[in-house]
Amino acid sequence: MTRVLVTGASTPVGIALTHALLESPLVDCVLAVAADPRPDSFARVAGSRLVYRVVDLTRARALHDLLFREGNDLGVEVIVHNALHRSAWDEGPRIHALNVETTRDLLGTAERHPSIRRFVFRSASAVYHVDPRRSTLLSEDDPLELDPRAPQKVRDRVEADLTVCTRMGMSRLEIVVLRCAELLAARVGSQLYDYFASRVCLRPLGFDPMLNLLSLEDLTHALCLATLGRGSGVFNIPGADTLPLSRAIELWGRTEIPAPGPLLAPLYRWRARVRGMDFRYDLNRRRFHSSAVLDGRRALRELGYRPVHPLRWPAGGLD
Amino acid sequence: MRLRRQLKQAWIRAFCSAEERAALARLEYRDAGHGYDALGFDPESFAVALAACRLAYERYFRVTSSGAHHIPTRGPAILAANHSGLLPIDGAMIVADIARHTSPPRVARVIGDVFIPLMPWVGTIFSRIGVVSGSPGNFRHLLEGGDIVLVFPEGTPGIGKGFRKRYELQEFRVGHAELALRYRVPVVPVAVVGAEEAWPEIGRIDAFQPFGAPFLPIPATPLPLPVRFHIHYGEPLDLAAEFGDAADDPALVAEAALLVKGAVQTLLERGLSQRKGLFS
């Protein structure tokens with residue numbers, strides 16, 4: 001029986017994962033940690049199998065006490081780190097602290113912890129450098145986006161991913177990094193979800209790249225497999241939906257207007273200012289011009305993960 | 001998008017017989033969930049392209065082919081052909097010929113140059129009809145998936161060699177030989193006779209490199225000439241049987257590529273000697 005600590009437990013992914021773990025006969029209890037108050041959906045969980053704690057993980061002392069107090073009491077064995085800042089426009093040291101420093105601290109503290117043996121980190125496909133001259137299918141060995149001009153959201157994700165990867169093989173922990181395709185859902189920081197919020201979606205003229213999108217069910221399943229599995233590694237987690245951008249716009253019931261690429265960044269920046277939307281074209285420029293599909297063969301081979309839950313289009317019901 | 005799909009359907013109905021439509025409906029590809037494969041191939045766009053090529057194949061270039069029984073009906077294979085022309089007409093005619101001579105029709109996935117995806121519209125259209133950019137990852141994915149892959153080992157120097165050097169094979173790149181050895185797949189040599197005279201080039205501008213293309217060719221004629229194309233398929237080469245497990249031996253890989261080049265050269269010479277004239 002496994003005892004699991006889940007960070008970011010108040011997010012849609014954290015909630016779904018916590019419920020999925022609690023449904024598993026292999027999980028004894030879950031220590032759910034978030035910066036927000038306990039979500040309503042946890043109210044129906046009975047007994048002592050779920051312990052919910054509000055903790056600011058950017059504070060090293062709070063993080064240490066969480067692991068060496070509640071973590072010790074419960075005998076936590078696995079950490080699933082899922083707490084990353086979601087907004088693309090928020091930048092600065094506070095965001096960096098949550099995205100990167102917390103990841104580093106959590107991993108470092110877990111290595112000293114007597115009962116923790118496994119660390120699962122939810123990374124994202126945004127860490128890859130999309131280049132049309134390379135393979136359309138991105139394997140785990142493909143280059144990462146190390147462009148210093150990339151937005152902080154991308155740079156932080158790459159840094160956090162590398163921070164975890166560099167400990168692999170040197171740490172006594174089993175470390176698993178899941179580079180997940182974009183989860184198309186509300187309140188998860190999905191750029192495409194916000195892109196589809198407009199009735200009219202502008203896409204670069206002459207380009208219609210292939211996208212790969214992940215459903216919450218598949219992501220939860222992949223996280224459960226990684227939590228309850230053995231061994232270390234970096235794994236791509238693709239979704240069941242691989243389709244061109246134009247088809248995705250159509251399935252969402254939106255109107256597409258192709259526009260010259262150089263106009264899109266200023267237009268979407270203006271839209272973000274006026275309407276407060278989170279979508280950043282500069283964050284998505286490469287993948288709106290070039291196809292990038294995650295190659296999930298390693299996850300299939302070693303974790304037994306296969307995407308089987310396609311999205312229900314439109315995946316949000318925004319209107 | 002919906003209008004585009006309706007236009008495609010109308011086009012297919014107009015230019016394909018009921019028999020051809022039934023054959024195209026049996027086209028085998030790996031649907032990644034929405035009617036496209038992971039690399040962007042769309043069977044409907046492929047059918048539209050085949051229908052569009054029909055006039056060129058049957059009436060303009062009056063393509064004849066021999067040795068089509070050498071094209072594997074199942075499983076992965078690499079087809080290695082000579083290359084020429086300002087536009088990849090040779091590639092289009094080979095793809096159309098393979099679809100006509102296999103049942104169910106097989107899609108030859110053409111390995112294009114890496115600058116193709118950078119080109120607006122061209123990159124998208126090519127990916128929908130099965131062309132993939134020539135990266136080792138894409139090549140591997142296709143072979144592991146059991147596709148037949150059409151390569152032009154001469155690469156860009158093949159299309160830029162000029163009219164005076166027609167049918168003189170340029171240096172073969174070795175990537176196809178390495179992958180054939182690694183995945184133990186047969187290599188079918190292909191010779192296209194006619195294509196190298198179809199659209200002569202009188203010069204090129206090396207300084208102008210649109211979207212990463214190596215040069216801008218200057219054609220001698222505004223349209224390709226109606227030269228007759230003859231496609232010859234040779235007996236499949238089993239490089240793995242010849243060279244063993246040599247995918248990581250550069251010398252043996254280069255030797256394997258030379259073997260393929262020799263087979264294409266032999267086919268070309270035979271095809272040229274059998275040809276009665278440029279237009280017949």
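All of the numbers you see were taken from the coordinates with simple rules; none came from a lab. Remember, predicted model here, so these are calculated numbers, not experimental data. Cβ placement follows ideal geometry from the backbone for every residue including glycine, while neighbour counts extend to all protein chains displayed.
Taking amide H as placed 1.01 Å from N in the peptide plane, the amide H of residue A:214 sits under 5 Å from that of A:182, A:183, A:184, each at least 5 places away or on another chain. Residues whose amide H comes within less than 5 Å of that of residue B:65, counting only those at least five positions distant or on another chain, are B:231 (H built at 1.01 Å from N in the peptide plane). A simple spin-label model places the labels of residue A:112 and residue A:51 1.9 nm from each other, with each point 7 Å out along Cα-to-Cβ.
Work out the FRET efficiency for residue B:156 and residue A:73 from their Cβ-Cβ distance, taking R0 = 60 Å, and round it to the nearest 0.05. Please report the intermediate quantities before stating the final value.
Numbers: r = 67 Å, r/R0 = 1.11.
Using R0 = 60 Å, I get an efficiency of 0.35.
For chain B, the relative contact order comes to 22 percent (Cα pairs under 8 Å, sequence separation of at least 6).
Here segment B:1-28 and segment B:117-166 have alpha carbon centers that stand 25 Å from each other. To the nearest ten degrees, helix A:152-165 and the longest principal axis of the Cα atoms of chain A are 40 degrees apart. Charge tally for residue B:259 (other residues, Cβ to Cβ under 11 Å; Lys, Arg +1; Asp, Glu -1): -2. Using the rule -39500 (n - 2.57) for each DSSP H run of four or more residues, divided by the residues of the protein assembly as shown, the 222 nm mean residue ellipticity is -10500 deg cm²/dmol.
Within segment B:175-256, none of the GluC sites (Glu not before Pro) combine a DSSP coil assignment with at most 12 other C-beta atoms in a 10 angstrom radius. In this structure, residue B:254 and residue A:24 have a Cβ-Cβ separation that, at R0 = 56 Å, corresponds to a calculated FRET efficiency of about 0.55. The alpha-carbon atoms of segment A:1-50, seen along their principal axes, cover 28, 19, 15 angstrom, with the largest extent given first. Return the sequence-ordered ³J(HN,Hα) values of segment B:105-117 in whole Hz as given by the Karplus equation 6.51 cos²θ - 1.76 cosθ + 1.60 applied to θ = phi - 60°, using x for Gly and Pro. Each residue's phi maps through the Karplus curve to give x, 9, 9, 7, 8, 7, 8, x, 6, 6, 7, 4, x Hz.
Rounded to the nearest Hz, the phi-derived 3J(HN,Hα) couplings of segment B:230-243 under the Karplus curve 6.51 cos²θ - 1.76 cosθ + 1.60 (θ = phi - 60°) are 10, 9, 10, 9, x, 5, x, 9, 9, 5, 5, 5, 6, 10, where x marks glycine and proline.
Taking chymotrypsin sites (Phe, Trp or Tyr not before Pro) across segment B:91-134, the ones in a DSSP loop with at most 15 further Cβ atoms lying within 10 angstrom of their Cβ are B:121.
Any idea what diffusion coefficient the protein assembly as shown gets from Stokes-Einstein, in µm²/s, Kirkwood Rh on alpha carbon pairs, 20 °C, 1.002 mPa s?
The Stokes-Einstein estimate is 81 µm²/s.
Taking amide H atoms as placed 1.01 Å from N in the peptide plane, the amide H of residue B:201 lies under 5 Å from those of B:163, B:220, each 5 or more residues away in sequence or on another chain. Structural descriptor for segment A:248-319: relative contact order 31 percent, calculated from alpha carbon pairs under 8 angstrom and at least 6 residues apart.
The Cα center of segment A:232-266 and the Cα center of segment A:295-315 differ in position by 17 Å. Under the classification rounded if a/c is under 1.5, otherwise prolate if a/b is larger than b/c and oblate if not, where does chain A fall, given a ≥ b ≥ c as square roots of the Cα gyration tensor eigenvalues? Taking the square roots of the gyration eigenvalues as a ≥ b ≥ c, chain A is prolate. Shape of segment B:34-274 from the C-alpha gyration tensor: rounded (a/c under 1.5, with a ≥ b ≥ c the square roots of its eigenvalues). Pull out a ≥ b ≥ c, the square roots of the eigenvalues of the alpha-carbon gyration tensor of segment B:198-280, then state rounded if a/c is under 1.5, prolate if not and a/b is larger than b/c, and oblate in the remaining case. Judged from the Cα gyration tensor, segment B:198-280 comes out oblate (a/c at least 1.5, b/c at or above a/b).
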